[in-house]
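The values are calculated or read from the model by the stated rules, or taken from the named source; none is laboratory data. As the structure is a prediction and not an experimental result, all values here were calculated from the model. Cβ placement follows ideal geometry from the backbone for every residue including glycine, while neighbour counts extend to all protein chains displayed.
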Amino acid sequence: MIHLKDIPINLSNHDFNFHEYKDEIECSACLEIEDYCENCSVFEWENILETIEWISRSLQENGWETMFIPAWLGGWDNSVRGLKDPLQEVNAENLRNLIFPYNTDITSKLTMSGLPDQFEILVSHHDRPMGEKIIVNKGNEMQEM
Ligand SMILES: [Zn+2]
């Protein structure tokens, strides 16, 4: 799991790092508006979904069947957040719902250095620019609640 563990993974549902890659971009529509055009935004979003699928597959290949997500602190008021069912099957859809837990612009940073037992998702959004830290534990040994 070395490749997954060693680097933080930044994933955004709205900010596709246009300026970071500007020199490599050949699409004239993008360069004209100085941001990704609609077609390229769709392509970037698909890349992000593929990355999430890859993370999910990597976890599964390393024996993760379920993940346990304890309550965390979030929002502007530091209130307790949590899932109705903190024990979730490891799949791309559930992972995506953790990485982008709210219906708003989000940039999440995944730190996988706690693997094989756990990893962290730092979820930054308008109400909480410094991020909400969600800890994801390997849940195989946990009982259904
Ligand atoms: Zn474009």
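Of the residues making up region 39-58, those that are in contact (Cβ under 8 Å) with a residue 40 or more places away in the chain and within 14 Å of residue 112 (Cβ to Cβ) are 51, 52, 55, 58.
Of all residue pairs spaced 6 or more apart or on separate chains, those with beta-carbon atoms under 8 Å, a first member in region 17-31 that is within 20 Å of residue 106 (Cβ to Cβ) and without any contact (Cβ under 8 Å) to a residue 40 or more places away in the chain and a second member that is in a helix (DSSP H, G or I) and within 8 Å of the ligand (Cβ to nearest atom) are 18/30. For residue 122, the conditions (1) assigned to a strand (DSSP E or B); (2) free of Cβ contacts under 8 Å to residues at least 40 places away in the same chain; (3) crowded, with 18+ Cβ neighbours inside 10 Å are fulfilled apart from (3). Reported count of residues in region 87-119, each being closer than 13 Å to residue 9 by Cα, touching a strand residue (DSSP E or B) at 6+ places or on another chain (Cβ under 6 Å) and surrounded by fewer than 17 Cβ atoms within 10 Å (Cβ to Cβ), is 1. Within region 127-145, being out of contact with any Gly (no Cβ under 6 Å at 6 or more places or on another chain), at pLDDT below 95 and surrounded by fewer than 16 Cβ atoms within 10 Å (Cβ to Cβ) holds for 129, 130, 140, 141, 142, 143, 144, 145.
Note down all Cβ pairs under 9 Å where the first residue falls in region 101-114 and is free of Cβ contacts under 8 Å to residues at least 60 places away in the same chain, the second is surrounded by fewer than 16 Cβ atoms within 10 Å (Cβ to Cβ) and aliphatic (A, V, I, L, M), and they're at least six residues apart or on different chains. What qualifies is 114/135.
Of all residues in region 21-65, which are at negative phi and among the acidic types (Asp, Glu)? Of everything in region 21-65, those that are at negative phi and among the acidic types (Asp, Glu) turn out to be 23, 24, 26, 32, 35, 38, 44, 46, 50, 53, 61, 65.
A single entry from 117, 105, 77, 127 fulfils the requirement of being under 17 Å from residue 64 (Cα atoms) and not basic (Lys, Arg): 117.
In the set (1) more than 19 Å from residue 123 (Cα to Cα); (2) within 16 Å of the ligand (Cβ to nearest atom); (3) in contact (Cβ under 8 Å) with a residue 24 or more places away in the chain, residue 85 fails one condition alone, (2).
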